[in-house]
Amino acid sequence: MTKVLNVDALPEPSVLKRAKRRRPGLLVANAIVLVLAAMAVTTIFTNPRFEWETVGKYFFEIRVLKGIGVSLGMTAATMALSLVSGTIVALMRMGDSRLMSTVAAAFIWVFRSIPMLVQLLFWYNLAALFPTLSLGIPWGPRFVTFDSNSVIGPLTAAIIGLTLHETAYIAELIRSGLLAVPDGQHQAASALGLTPAQIFFRVTLPQALRVIVPPMGNELISLLKATSLVSVITLADLLYSVQLIYAKNFQTVPLLIVAAIWYMIITGAITLLQQRLERRLGRHTLISADKAGKAKRIEHSV
C-alpha cells in the first residue's frame, strides 16, 4: 500500500533547526592549541631574560628609527625599479622576437639562480673587477670616467643587487598574470576598435592585476625582510642599527626583539594595504569583464 505524504503536516521552514554535528576531535585540537598559546604567552611575558624594559627603552631610539627609514626607503626604491624593469622583461619574454624572448629568459634564469647575498657582495666589490666606469661610444672614445668606489657605495650596491634579484621574480609574476587573461578578452576589445595600448591598460591589465597582486604582496614583504641582508655591506638599515647598539651594551636579545617587532608592524601594514587593494581590484575587474562581455556579444551579433 502506497503512503501519501501529507505536506500540510510538515513544519514550517522557519521552525526547522539545524542539528549541530558533534566533532570531538576538533574540540580536543582547539583545547591543545589554547593550552600551547597560553604557555607561549606566559613564557614570553614572565621570563625576565627577555628584558622588556630594555625593549621599551630602545624601541623608539633615534638610531633604530633611522634604520627603519633606510629599510623602508630601500624597499620602496627597489620595488618601484623592479616593477618597471620586471614589466619590460615580462613583455620581452612574451614577445614575438625569439632573440628578445631568449635574452629575457636568460636574465630571469641568471638572477633567480644567484642568491641575493652573493649579488650584494658582488656589486659591493665591483671595483675589484672594474676599477673605473666610463661613458662613451662602444669600442670607441670615452667621454667621462668615474672611480668605481666613489660611484657604487653601500646604498647603490644594495639597490642594484636587490633590484636585479627582484626583477627576475616580478617578471615571472607579471607574465603569469598576463597569461591568465583569456584571449577572448583581447578579441572582444578589438571588436570595439580599441588600440593595443588601450586594450592593455583598460582590459588586460585590470584583470591581470587580480592575479598579480596577491603574490606581489608576498614579494614586497619578502623584499622588506631581505633588506636585512645589506648589513653585511655595512649599510645602516634596521638590523645593522640594532647590531651597532648591542655591540656596545651587550643587550643582544632585547635589541633583536626590537627589530623583530618593527618588522612585524611594517609587514602587518603592508598586508592590510594588500587586502584593500585586492578588494578594490575585484570591483574593477567585474566592471571590466562586464564591458568585455558586452563587446563579445556585439561581435557575435555582427
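The values are calculated or read from the model by the stated rules, or taken from the named source; none is laboratory data. Remember, predicted model here, so these are calculated numbers, not experimental data. Because the Cβ atoms are built from the backbone with ideal geometry, glycine has one as well, and the counts that use them run over all protein chains shown. Accessible surface is based on the protein model in full, side chains and every heavy atom, while ligands, DNA and RNA are left aside. Shrake-Rupley method; radii C 1.70, N 1.55, O 1.52, S 1.80 Å.
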Selection from TRP52, ALA29, PHE107, by position along the positive dipole direction of the chain (Cβ):
ALA29
Among ARG279, ARG21, ARG49, residue whose mean-square fluctuation peaks in a GNM of the chain (springs only between Cα atoms under 10 Å)
ARG21
GNM flexibility winner over the chain from ALA37, ALA104, ALA171 (Cα, springs under 10 Å):
ALA37
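Within the chain, which whole H helices from DSSP have a Cα span along their axis of at least 15 Å and a mean Kyte-Doolittle hydropathy of -1.0 or more, if any?
Details: long enough: 24-46 (33 Å, 2.05); 62-94 (47 Å, 1.37); 98-113 (22 Å, 1.09); 154-179 (38 Å, 1.03); 205-226 (29 Å, 0.77); 238-249 (17 Å, 0.63); 252-301 (72 Å, 0.23).
Span-like helices here: 24-46, 62-94, 98-113, 154-179, 205-226, 238-249, 252-301.
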With springs only between Cα atoms under 10 Å apart, run a GNM on the chain and tell me which of LEU135, LEU255, LEU72 wobbles the most.
LEU135
Accessible surface of THR234 - all protein chains present, 1.4 Å probe, nearest 10 Å²:
80
Order by accessible surface, 1.4 Å probe, largest leading, for residues ASP237, ASP96 comes to ASP96, ASP237
Work out the count of Lys pairs in the chain where the Cα-Cα distance is under 22 Å, with the pair 8 or more places apart or on different chains.
4
Total charge dipole magnitude, the chain, about the Cα centre, Cβ charges on Lys, Arg, Asp, Glu only, Debye to nearest 20:
1100
Looking at LEU129, ALA38, ALA80, which one has the Cα that reaches farthest to the positive end of the dipole of the chain (charges on Cβ: Lys, Arg +1; Asp, Glu -1)?
ALA38
Probe radius 1.4 Å, ligands and nucleic acids left out: which of THR204, THR46 has the largest accessible area, and how do the rest follow?
THR46, THR204
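If DNA, RNA and ligands are ignored and the probe is 1.4 Å, what is the ranking of MET74, MET39 by accessible area, most exposed first?
Details: MET74 5, MET39 110 Å².
Solvent-accessible surface, decreasing: MET39, MET74.
Just the projected area, averaged over all directions, of the convex hull on the alpha carbon atoms of segment 61-169: how many nm²? Kindly include the intermediate steps, with their values, before the conclusion.
On the way: hull surface 35.4 nm².
Computing the convex hull of the Cα atoms and averaging its projections yields 8.8 nm².
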